[in-house]
Amino acid sequence: MAGVVAAPEQASSRPLSEAERLDWLRLSRTEHVGPVTFRQLLARFGTAAAALEALPDLARRGGRRAAPRIPSPAEAERELEAIERIGATTLGLTEPGYPEPLAATDDAPPLLILRGRSELLARPAVALVGARNASANGRTLARTLARDCAAAGFVVASGLARGIDAAAHEGALDGGTIAAVAGGLDVCYPPENRALQQAIGERGLLVGEQPPGLEPQARHFPRRNRIISGLSLGVVVVEAALRSGSLITARLALEQGREVGAVPGSPLDPRARGCNALLRQGAILVEEADDLLRALMGQGLPSRPARLEEPAPPAGAAAGGASDAARAAVVECLGPSGVAVDEVLRRCQLSASLVSLILMELELAGRLERQPGGRVALIGAPD
């Protein structure tokens, strides 16, 4: 069995104060503030408190008449109390223990919600995902792969879905497993995995970003998938149809610069078509854990981008904003179909910082949607 990848020293980090944690939660729960914009706001204004003060003006410049909804301090306090009541904790992006591979992604959750053995985040991870309607052979293979990866020192991450995900968690439960959930950590989904979810919360680690009590909805699952791939150095798809959500996880892994593997299957089995398609596109052929682990040997963990604690720009740079002409030039480059931010920069011939500010204003106004792979799309008129 191949040896484990050594984890490098974590980038400098610091704990959040109680007041900062409250501000971070308020900012992360603010209407139209996604993870990318959260990070940009902190880089521009220095603190979440300063960003919260600036939000109404930023949204107005983006074309919105009313200020975006910002949770009150009392609402944020109630959520933190609810998190504590379910035996969970929060972990901020700048805090010690935040997993470096996930922090290295552009859309890392500003605040992770954790229940269980948080020390598992310090170990290198691989993800095993696949079909919900998995075959008996597929589930057996997933358990074996997970057990062998855990024996090699890796944590196994998956999404706690029925089928392949559940089998992977079962195989790695004794060695170390992380389940990323789409809703609140106290919500059991699917219901038949209730006992497994409870066991992972006690012997492994449950990870999410949604408040307690939130039932998962369709839009939450792709967000959960980017946590699974972001935590991991490599993702293996065991069984998947051509339109499977597991292929979304594989695509996200590729966009995050991670290894992707797939288990081959019969062309007569629809559950193998997604895996076979990945193999045709260059994925690692995985029949046993060593096939993936050999590809991971010698890799360092991804490093996080620019620190969130960087000083804010001068007040004029933050408050002056963009000219109407610059904003119109950026809007002209956008449409309902996603376009890469780099392409917007090329077309507009404006500075990266100015385009970033205008995109932020448009998002806060509810006019811009950020898509995987660093793409953005115009989604409607101002609110």
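Pairs linking a residue in the range 100-121 that is at negative phi to a residue that is of a type in the set (Lys, Arg) and part of a loop (DSSP other than H, G, I, E, B), with Cβ atoms under 6 Å and 6 or more positions apart or on different chains, are ALA103/ARG304; ALA104/ARG304.
Would the range 18-31 turn up any residue that is touching a strand residue (DSSP E or B) at 6+ places or on another chain (Cβ under 9 Å) and open to solvent by 40 Å² or more (accessible area, probe 1.4 Å)? The answer is yes, given that some residue of the range 18-31 is touching a strand residue (DSSP E or B) at 6+ places or on another chain (Cβ under 9 Å) and open to solvent by 40 Å² or more (accessible area, probe 1.4 Å). Taking (1) under 30 Å from SER323 (Cα atoms); (2) assigned to a helix (DSSP H, G or I) in turn, ASP106 satisfies each apart from (2).
Can GLY171 be described as in a helix (DSSP H, G or I) and either touching a residue at least 60 places away in the same chain (Cβ under 8 Å) or surrounded by 24 or more Cβ atoms within 10 Å (Cβ to Cβ) (or both)? It is true that GLY171 is in a helix (DSSP H, G or I) and either touching a residue at least 60 places away in the same chain (Cβ under 8 Å) or surrounded by 24 or more Cβ atoms within 10 Å (Cβ to Cβ) (or both). The set of residues in the range 37-54 being over 14 Å from MET360 (Cβ atoms) and crowded, with 21+ Cβ neighbours inside 10 Å consists of ALA48 alone. Exactly one residue among GLY183, GLY159 is open to solvent by less than 10 Å² (accessible area, probe 1.4 Å), under 16 Å from ILE113 (Cα atoms) and touching a His at 6+ places or on another chain (Cβ under 8 Å), and that residue is GLY183. Counting the residues of the range 121-144 that are open to solvent by less than 60 Å² (accessible area, probe 1.4 Å) and either of a type in the set (D, E, K, R) or in contact with a Ser or Thr (Cβ under 8 Å, 6 or more places away or on another chain) (or both) gives 7.
This table checks each residue for (1) of a type in the set (S, T, N, Q); (2) buried (at least 19 other Cβ atoms within 10 Å of the Cβ); (3) on the phi < 0 side of the Ramachandran plot.
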| site | (1), (2), (3) |
| --- | --- |
| GLU332 | no, no, yes |
| SER337 | yes, no, yes |
| ASP342 | no, no, yes |
| LEU345 | no, no, yes |
| GLN349 | yes, no, no |
| LEU357 | no, yes, yes |
| MET360 | no, yes, yes |
| GLY366 | no, yes, no |
| GLN371 | yes, no, yes |
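Quick check: anything in the range 68-81 farther than 20 Å from GLY176 by Cβ, open to solvent by less than 50 Å² (accessible area, probe 1.4 Å), without any contact (Cβ under 8 Å) to a residue 12 or more places away in the chain and in a helix (DSSP H, G or I)? Yes, because at least one residue in the range 68-81 is farther than 20 Å from GLY176 by Cβ, open to solvent by less than 50 Å² (accessible area, probe 1.4 Å), without any contact (Cβ under 8 Å) to a residue 12 or more places away in the chain and in a helix (DSSP H, G or I). Reported count of residues in the range 193-211, each being closer than 15 Å to GLY116 by Cβ and touching a residue at least 60 places away in the same chain (Cβ under 8 Å), is 9.
Among residues that are over 26 Å from PRO101 (Cα atoms), part of a helix (DSSP H, G or I) and among the basic types (Lys, Arg), ARG194 is included.
Scanning the range 346-382 for residues that are part of a helix (DSSP H, G or I) and touching a Gly at 6+ places or on another chain (Cβ under 6 Å), we see that the one that is nearest to ARG69 (Cα to Cα) is LEU364.
The values are calculated or read from the model by the stated rules, or taken from the named source; none is laboratory data. No experiment lies behind these values; they were computed from the predicted model shown. Backbone-built Cβ (ideal geometry, glycine too); neighbour counts: all protein chains shown. Heavy atoms of the whole protein, side chains included, go into the accessibility calculation; ligands, DNA and RNA do not. Shrake-Rupley method; radii C 1.70, N 1.55, O 1.52, S 1.80 Å.
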